[in-house]
Amino acid sequence: MIISKTPLRISLFGGGTDFPEYFNKKKSIIIGTTINKYIHITFNKTIRFDENNIKIFYKNNEFVNNVKKLNHNVVKKLLIKEKITNDLDLHILADLPSYSGLGTSSAFTVGLMNLLKSFRKINLKKNQLARECINFERNILRESVGYQDQIHATYGGFNKIEIDRKNIKVTPIKFNKQKFEKNLYLVFTGITRKAESIEKKKISKIKTNFSHLNKINEISEIAYELIKKNKIDEVGALLGKTWELKKKLHGDLSNNTIDKLYEKGIKAGASGGKLLGAGAGGFILFYVKNKYKKTFLSKMKTNKVIDFKFCNEGSKIIEI
């Protein structure tokens, strides 16, 4: 049996600039981290005596006799791509729900790709795994995805990611991570959504929104310098500035429920925050200075607040 363990991510700064339509013209700077919430995938090659020799276990279990009959599009196309098409069990478990802005879709792709490559005794370097997953999602699945989620899931850790027309550069950021993570809170909006349609709308407006994206990119550079210097209490307000710019990229990125929850968090003591992922649902990340934490948690007790820590490892393989 082979297991892949792949972390979810929090994108702090630079979201929306990780599309070729932007970084082919101007280098994108993204700041983010993986967290200790994971997607686990177990793979077991079996000998079947019944007709259905492919069994996939997730929220919709599938037992089929031909890989092409699978409804799970990512699993189907990756199995076909890697030429693993019979006598197998696949179990998928996630710590947090899909479509919630934590990069679950790309983390799943990275985890499954890593697992299947390992089964085939193919050892990919991190940059190779990230690029292959980006290519798979964009050119085989034909999904409107950026580049950052696959990179986060592959590399792990708290990083500055720089992307331009030719290169991807990942630089670990060294600072007081423990203090920073203790001031961050994930609050669930109660809404899950598919990012695909939202991202398509944002991509179609990149040329129109180029000045907004430039400002988002500039904030990433400022945040990077502050974080390096451990001036983390100044970062919360920058999250808020990023969110205000992000909402200008398309009208569908926020809604009344999200706006009310964000306002509630700020009134409860957060110095800033942002909705994670494509928009329209998922988690809001709030930054709360130490002196306001008790008040914040008290006023947000009717909402789902997720406890988490940063993690340093990207997708890894465990063989049993």
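Below are the figures for this structure:
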item: Accessible area per residue in Å² at 1.4 Å probe, computed on the chain; result: 46
item: Full-extension gain in nm, Glu51 to Ile191, via 0.36 nm per residue minus C-alpha separation; result: 46.5 nm
item: Over the chain: helical MRE at 222 nm, DSSP H runs n ≥ 4 each giving -39500 (n - 2.57), nearest 500; result: -10500 deg cm²/dmol
item: Order by protection proxy (mean Cβ within 10 Å, highest first), peptides 229-236, 308-315, 168-175, 15-22; result: 15-22, 308-315, 229-236, 168-175
item: Average Cα contact separation per residue, the chain, under 8 Å, 6 or more apart, as relative contact order %; result: 27
item: Those lysines that a straight Cα-Cα span of less than 25 Å connects to Lys68, excepting residues fewer than 8 apart in one chain; result: Lys45, Lys55, Lys59, Lys76, Lys77, Lys81, Lys83, Lys117, Lys121, Lys194
item: Three-way shape label, the range 116-167, alpha-carbon gyration tensor, a/c 1.5; result: oblate
item: Packing-based ranking, highest mean first, of 76-88, 106-118 given that Cβ atoms within 10 Å are counted; result: 106-118, 76-88
item: Estimated Rh, the chain: Kirkwood, alpha-carbon pairs, angstrom; result: 20.2
item: Spatially proximal aspartates and glutamates relative to Lys177 (Cα-Cα < 15 Å; intrachain offsets below 8 disregarded); result: Glu225, Asp233, Glu234, Glu313
item: The chain - percent of accessible surface contributed by carbon and sulfur, probe 1.4 Å; result: 48
item: Computed magnitude of the charge dipole of the chain (debye, nearest 20; Cβ of K, R +1, Cβ of D, E -1); result: 660
item: Among beta bridges that DSSP assigns inside the chain, antiparallel share in %, nearest 5; result: 90
item: Fluctuation leader among Lys160, Lys246, Lys121 - the chain, Gaussian network, Cα springs under 10 angstrom; result: Lys121
item: Segment Lys289-Glu225, extension gain: residue separation times 0.36 nm, minus the distance between their alpha carbons; result: 21.1 nm
item: Highest average packing first - 143-152, 181-190, Cβ atoms within 10 Å; result: 143-152, 181-190
item: Förster-model FRET efficiency, 45 Å R0, Asp87 and Ser204, C-beta, rounded to 0.05; result: 0.55
item: Calculated FRET efficiency for the pair Asn65/Asp307, C-beta based, R₀ 41 Å, to 0.05; result: 0.40
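The values are calculated or read from the model by the stated rules, or taken from the named source; none is laboratory data. On a predicted model such as this, the values are computed, not experimentally measured, just so you know. As a convention, Cβ positions derive from the backbone with ideal geometry for all residues, glycine included, and neighbour counts pool all protein chains shown. Keep in mind that these areas ignore ligands, DNA and RNA; they rest on the heavy atoms of the full protein, side chains included. Shrake-Rupley method; radii C 1.70, N 1.55, O 1.52, S 1.80 Å.
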